[in-house]
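The values are calculated or read from the model by the stated rules, or taken from the named source; none is laboratory data. Just so it is clear, the model here is predicted, and its values are computed rather than measured. Reconstructed Cβ throughout: ideal geometry from the backbone, glycine too, with neighbour counts over all protein chains shown.
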Amino acid sequence: MDIERIAQRELASELDGLLAELALNKDRKEIECSTSANKLRLAHKEALVIYAHREFTRALPLLAGLVRAFSLKRHALGLDQYFTTQNGAFSEYAIDIEKTLFNEVNTFLKQLADLYPLRVGNEPKLAEIGLYSPPLKYVNEQFLSSPCARSLAFRELREREAQLKNGGPHHD
């Protein structure tokens, strides 16, 4: 009877060790998966930023009409300001012409952009990149969004691995 109990105890201890190793492996893979997922998310962001910058740069030369109108309005506002301030004598009435114009253009462009439908299907490169990061399955959101949390989890994991190597959990 004592031999059977000793054998069961050793088997239980061995099983506890295996379960602890499985838990460590699961935790390690969860952290590694979150690290890889974060790299994927960052790669997507970088690809989208590069593509958007290229498209923006390609579109700027097409704004020749806007540039002409901008220049004309800036000149007109300058003349208006000259008369309003009496050639600078009443500077309290001066306006920042550049800021005024850029705010007006910016407001207009934002309104247009808000109404502009981005159709990924019509643009092969954009369809390939996607507007949003690919869905990420099987990741721990805390590890995904926090390099610090991943680092702490890895440290804790190494400590648990060392404890397991040095004798593991003891059950009496």
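General observations
- Restricting attention to the stretch 117-137, the residues being surrounded by 13 or more Cβ atoms within 10 Å (Cβ to Cβ), of a type outside the set (A, V, I, L, M) and farther than 12 Å from residue 41 by Cα number 1.
For (1) touching a Ser or Thr at 6+ places or on another chain (Cβ under 6 Å); (2) closer than 30 Å to residue 154 by Cβ, each residue gets a yes or a no:
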| site | (1), (2) |
| --- | --- |
| 50 | no, no |
| 93 | yes, no |
| 109 | no, no |
| 123 | no, no |
| 133 | no, yes |
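- Hits in the stretch 30-42 - residues which are surrounded by 13 or more Cβ atoms within 10 Å (Cβ to Cβ) and under 11 Å from the mean Cα position of the chain (by Cα): 38, 40, 41
- Any hit, the stretch 116-125, residues being aromatic (Phe, Trp, Tyr), under 20 Å from residue 53 (Cα atoms) and without any contact (Cβ under 8 Å) to a residue 60 or more places away in the chain: yes
- Filter result (exposed (fewer than 11 other Cβ atoms within 10 Å of the Cβ) and among the basic types (Lys, Arg)) within the stretch 52-66: 58
- Qualifying residue in the stretch 50-64 (condition: out of contact with any helix residue (DSSP H, G or I) (no Cβ under 9 Å at 6 or more places or on another chain), within 30 Å of residue 126 (Cα to Cα), at pLDDT 90 or above and of a type in the set (Phe, Trp, Tyr)): yes
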